[in-house]
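A quick write-up on the structure given underneath.
The values are calculated or read from the model by the stated rules, or taken from the named source; none is laboratory data. All of these numbers come straight from a predicted model, not from anything done at the bench. A quick note on method: Cβ atoms are made from the backbone with ideal geometry, for glycine too, and the neighbour counts reach across all protein chains shown. These area figures cover heavy atoms from the full protein model, side chains too; ligands, DNA and RNA do not enter into them. Shrake-Rupley method; radii C 1.70, N 1.55, O 1.52, S 1.80 Å.
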There are 2 protein chains.
Amino acid sequence: MAKKERTAIEPTRSVNYPEWYQQVVKAADLAENSEVRGCMVIKPWGYTIWENIQRNLDDMFKETGHVNAYFPLFIPKSYFEKEAEHVKGFAKECAVVTHTRLEDDGKGGLKPGGALTEELVVRPTSETIIGASFSKWVNSYRDLPLLINQWANVVRWEMRTRLFLRTTEFLWQEGHTVHATEAEAQEETEKMLGVYAKFAEKFLAIPVIQGKKSEAEKFPGAVSTYSIEAMMQDRKALQAGTSHFLGQNFAKASNIKFQSSEGVEELAWTTSWGVSTRLIGALIMAHSDDNGLVLPPKIAPAHIVIIPIIRKEEQREMVESFVNKLALELRQQYYYGRKLVVNVDNRDMAGGEKVWQWIKKGVPIRLEIGPRDIENGTVFMGRRNLAPRDKKSVAAEEFVTTATTLLDEIQQNIFDKALAFQKANSVEIDGKEEFYRYFTPENKDNPEIHGGFAYSHWCGSGECEEKIKNDLKVTIRNIPFESKEETGKCIYCGKPSSKRVIFSKAY
Amino acid sequence: MAKKERTAIEPTRSVNYPEWYQQVVKAADLAENSEVRGCMVIKPWGYTIWENIQRNLDDMFKETGHVNAYFPLFIPKSYFEKEAEHVKGFAKECAVVTHTRLEDDGKGGLKPGGALTEELVVRPTSETIIGASFSKWVNSYRDLPLLINQWANVVRWEMRTRLFLRTTEFLWQEGHTVHATEAEAQEETEKMLGVYAKFAEKFLAIPVIQGKKSEAEKFPGAVSTYSIEAMMQDRKALQAGTSHFLGQNFAKASNIKFQSSEGVEELAWTTSWGVSTRLIGALIMAHSDDNGLVLPPKIAPAHIVIIPIIRKEEQREMVESFVNKLALELRQQYYYGRKLVVNVDNRDMAGGEKVWQWIKKGVPIRLEIGPRDIENGTVFMGRRNLAPRDKKSVAAEEFVTTATTLLDEIQQNIFDKALAFQKANSVEIDGKEEFYRYFTPENKDNPEIHGGFAYSHWCGSGECEEKIKNDLKVTIRNIPFESKEETGKCIYCGKPSSKRVIFSKAY
């Protein structure tokens, strides 16, 4: 048996997946918990990933005709109450502002003062507050479609939180659109789901499955919800984005009406869709390994890090001037609209320690360059998606001319690996017993590792769905668009079913 | 007497300046009030201006070595209380979260539930919450300087609000930095003020005066505050950005300490600095005229609008194909890092109406193109910073090759005009009587229009400052860096003074 190599992250994925996740976040310096319950601090390396997500997604929104706007953080309680399902879904977990100042409590401290006559809810999502504006903006069919997006912070008072995956405050974008017809709103809902899928696959290198949510799992107040579902390395599903067809529910609640081209007053049709900083959690869990973060080049805060290897002080000038010149040449190149970001790590610290720091931070390409490399006109290159010791010497000139091609190759490799993993852990299951066995952890000490995605038949009843959930903590992730019509039997009750759905444990 | 031309905005600036402002905002479709007291909705045209401000400022922050991060929206009351001056400054106007859910009130409505043991304040500014993280991040002199910026929303419960200028919630950036020495922190404070001044002048085309605030006007908790002050067209000052040298006050409150290179534990020195959506208010009031918004090209949501003039349906194809080709050529060009934004207005609406809409929205260049122009190979061009009727025919080819030069020229013209206005309404005043007369409105029906900036001597006493404020509503805007040492007498008490300061009414 080969000796087990020591890894940078302890525990490893196979030993304790949830703890491995926390340690990867910490080692890459992405975020930390604040003392405010459930609210995280997104540190510069993590925030830059978010900026790269924002920039690329925003471009895609604008290409599809959307514009950004900004709506109030606070929602009057009465707005919230207008859509019954909606308020039911969010009332249990919202921050409520009741006062407008702090005043002397007579004991040397402060107490709330200036009580509001109507409490304000810190937005958990903005359908109702945006609806209030839309009802003013939309008057005629000429005002439609109205295609708006907002980048914002939202708050949902979560009991159990986890960095990026579930936090009380998180950052997100929420698209809100208004249409004249049901068909157009439905088309928009699916189009934006497609944008999310494309973004997840092309930029985050995460393969996703597009589909429709079951009734039980849909957004409070929506007619139907669609999601993209990704498989994490513990084989659980993570819902990476949702798009909601809201029908006329919110138009009714907010009174969004328009005069049709025939001069008739009609209720509008609306959609909403969002992705959040949760995507960073997905990114971490889809690609990272036991040495830390692995970043797809397209959203990495830095593409390349150069570590000058200087053993004697008299070599410094020569090495640094070579390295700076190389960095400059690389930084003139563009990679997907961004100039190549090349960090030169000149810190006064052992080279090996630096290398491991950058491995843990997930930078796609590392170059170590010392006097001998310079003599030979080469760079010593490591790729984050290969083993740490799997490094090779490359002609410096060749590296400069092929850097972006290499980044593309790395991006593709990362995606391919994730896709292979997803395929390897997805099965069609038709027997109930097999289904139950599939979701039983192999190892009771590490209950996180279980089957994966089961493509099974489902009769459509909420009862069967509920029972499976209670028995196994397994839910229907979505009814995939790619699911073909076929004759089958519900995995739980045996009643007829025409389509397979994805069953899985989930975040 | 020439007949007065009708203007697009009523009332005009000279008739009622505050109302003119509201009407410009409305006509340009920049923002509107929401039903949430004091919270505005930033509409797409206004938000795009903010995006352009963000992008350019963010580049400048990054060029000066800063990185972005994100900290919690909520600040525990106890953090707030740590810096005595700070809490005094903000306690009177903050939104307080006291509950974490809404629950059935037994009367068919909802009431707050899940009371918090410690109330949370929605951040009015983030020194204390960021300080809590910094105290963990900073351990050694090697961790310094720490140069962080945050783009975020903040809330200050204002009693009287005005779109962009003063709103309960607003968007801003707040820089927060930590340094090993007083000198470095002081240097950073002034450097970032300089960045703001450069941004205001080069991008917003607003001339500003850099200087130090008086004790009475400084940020709660700061050792000293610096500001850039701009003159609006009613000759009032608008504080467009501030930079604070916080000394060790917040380091003490948050326990930000580091081990020096000599191995001694020391308290750190911090700074903070910010600009907000208020800049959009400054932009409007500095440049707009009685026909609406005037936008400097560098931050305009669109640089050029093309209005096809089609009188007969059979001309449509020819005109549209010419216009689309022209737009495409223009859109390939870059203007300060952005591709030229060219709107083609194909709406089914009278050409004149379109022209006036775009004038009110402030687009720098308008092109009207009809069959005759196409025949002649020309475009009919209007510039927003000239009179609406001051249009001319230009060879289409020439227009394409000179468009960005023309935009630069417009940018410069707008700045020059604002600078000339500021100069024309700034005077050195040495007599108390003259000073009082200067700040007395010429016309009692329009008290907004008064003198302007008075450069006068001040003895440095808060008492004199206070008395002038009470008498005239005039405050010391700042003590300009450019103010030379000279012998003078305080404008109020006659005591010796060595420097002139700027007195002005202000927003």
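Dividing the summed helix terms, -39500 (n - 2.57) for each DSSP H run of n ≥ 4, by the number of residues in chain A produces a 222 nm estimate of -10500 deg cm²/dmol to the nearest 500.
Within chain A, which is the longest segment containing none of the GluC sites (Glu not before Pro) that sit in a DSSP loop and have at most 11 other Cβ atoms within 10 Å? Before the final figure, lay out the partial values.
Values: sites that count: A:Glu5, A:Glu262, A:Glu442, A:Glu482, A:Glu485, A:Glu486.
Longest run free of exposed loop sites: A:6-261.
With charges only on Cβ, +1 for K and R and -1 for D and E, what is the dipole size of chain A about its Cα centre, in debye, rounded to 20?
Values: 68 positive and 70 negative charges, 190 e Å.
For this selection, approximately 920 debye.
For the protein assembly as shown, the solvent-accessible area of protein heavy atoms averages 42 Å² per residue (probe radius 1.4 Å; ligands and nucleic acids excluded). Under 17 Å from a label point set 7 Å out along the Cα-to-Cβ vector of B:Ser14, the amide N atoms of segment B:395-422 belong to B:421. Helix A:278-287 and the longest principal axis of the C-alpha atoms of chain A enclose an angle of approximately 40°. The interface between chain A and chain B buries about 4900 Å² of solvent-accessible area in total (1.4 Å probe, ligands and nucleic acids excluded). Taking a spot 7 Å from the Cα of A:Ser140 along the direction of its beta carbon, which residues of segment B:336-356 have an amide N less than 19 Å from it? The answer is B:345-356.
Summarised as an ellipsoid, segment A:31-97 has semi-axes of 28, 23, 10 Å, derived from the eigenvalues of the Cα gyration tensor scaled by 5 and square-rooted, with the largest first. Between A:Glu32 and B:Gln22, the C-beta separation translates, for a Förster distance of 30 Å, into a calculated FRET efficiency of about 0.10. With its label point defined 7 Å out from Cα along the Cα-to-Cβ axis, A:Thr117 lies at 3.6 nm from the matching points of the other copies, in increasing order.
Can you work out the base-10 log of I(q)/I(0) for segment A:55-134 at q = 0.17 1/Å, using the Debye formula on its C-alpha atoms alone? Listed by q, the Debye log ratios stand at -0.80. Between copies, B:Lys202 shows label-point distances of 3.3 nm, shortest first, with the point placed 7 angstrom from Cα along Cα to C-beta.
For segment B:91-113, a decrease in accessible area of 50 Å² or greater in the assembled protein chains relative to the isolated chain, with a 1.4 Å probe, applies to B:Val96, B:Thr100, B:Leu102, B:Leu110.
Diagonalise the Cα gyration tensor of segment B:47-206 and give the resulting equivalent ellipsoid semi-axes, square root of 5 times each eigenvalue, largest first, whole Å.
Details: eigenvalues 216, 99, 39 Å².
Over the Cα atoms of segment B:47-206, the semi-axes work out to 33, 22, 14 Å.
I need the trypsin sites (Lys or Arg not before Pro) found in segment A:363-420, filtered to DSSP loop residues with at most 10 other beta carbons within 10 Å of theirs.
Numbers: sites: A:Arg366, A:Arg372, A:Arg383, A:Arg384, A:Arg389, A:Lys391, A:Lys392, A:Lys417; in loops: A:Arg384, A:Arg389.
Sparse-neighbourhood loop trypsin sites (Lys or Arg not before Pro): A:Arg389.
Kindly provide log₁₀ I(q)/I(0) values, in the same order as q = 0.12, 0.15, 0.19 Å⁻¹, from the Debye equation applied to equal alpha-carbon scatterers of segment A:457-507. After summing over all Cα pairs, the log10 values are -0.23, -0.36, -0.58. If I compute solvent accessible area with a 1.4 Å probe over the protein chains, what percent of it on the protein assembly as shown is carbon and sulfur? On the protein assembly as shown, the fraction of accessible area on carbon and sulfur atoms equals 48 percent. Here A:Trp358 sits with roughly 30 square angstrom of accessible surface, probe radius 1.4 Å.
Relative to the other identical copies, B:Ala420 shows label-point distances of 7.0 nm, where the label point lies 7 Å from Cα along the Cβ direction and values run shortest first.
The mean of 1/r over all pairs of different alpha-carbon atoms in chain A, once inverted, gives a Kirkwood hydrodynamic radius of 25.3 Å.
When all C-alpha to C-alpha distances in segment A:1-114 are sorted into bins of 5 Å, what percent of pairs does each bin hold, rounded to whole numbers? For segment A:1-114, the binned pair fractions read 2, 7, 8, 10, 11, 14, 15, 12, 9, 5, 3, 2, 1, 0, 0 percent. Taken along its three principal axes, the alpha carbon spread of the protein assembly as shown comes to 95, 81, 70 Å, from the longest extent down to the shortest. Each Lys and Arg contributes +1 and each Asp and Glu -1, all at the Cβ; summed about the Cα centre of segment B:299-339, the dipole is approximately 200 debye. Taking the Cα of B:Ser261, stepping 7 Å toward and past its beta carbon, and measuring to each backbone N in segment A:331-368: which are under 14 Å? Inside the label zone: A:348.
Provide the gained length on full extension for the span A:Lys88 to A:Glu63, in nm with one decimal, where the gain is 0.36 nm per separating residue minus the Cα-Cα distance. All intermediate terms of the calculation are to be shown ahead of the outcome.
Details: separation 25, 0.36 × 25 = 9.00 nm, distance 3.53 nm.
Gain in length upon complete extension: 5.5 nm.
Here the mean projected area of the convex hull built on the C-alpha positions of segment A:259-353 is 11.4 nm².
Think of each Lys and Arg Cβ as +1 and each Asp and Glu Cβ as -1; about the Cα centre, that makes the dipole of the protein assembly as shown roughly 300 debye. Listed by chain and number, the lysines placed with their C-alpha closer than 18 angstrom to that of B:Lys505 are B:Lys212, B:Lys213, B:Lys218, B:Lys236, B:Lys423, B:Lys432, B:Lys444, B:Lys467, B:Lys469, B:Lys473; residues fewer than eight positions away on the same chain are left out. Distance between the modelled labels on A:Gln332 and A:Asp408, one decimal in nanometres: 2.1 nm (7 Å Cα→Cβ projection).
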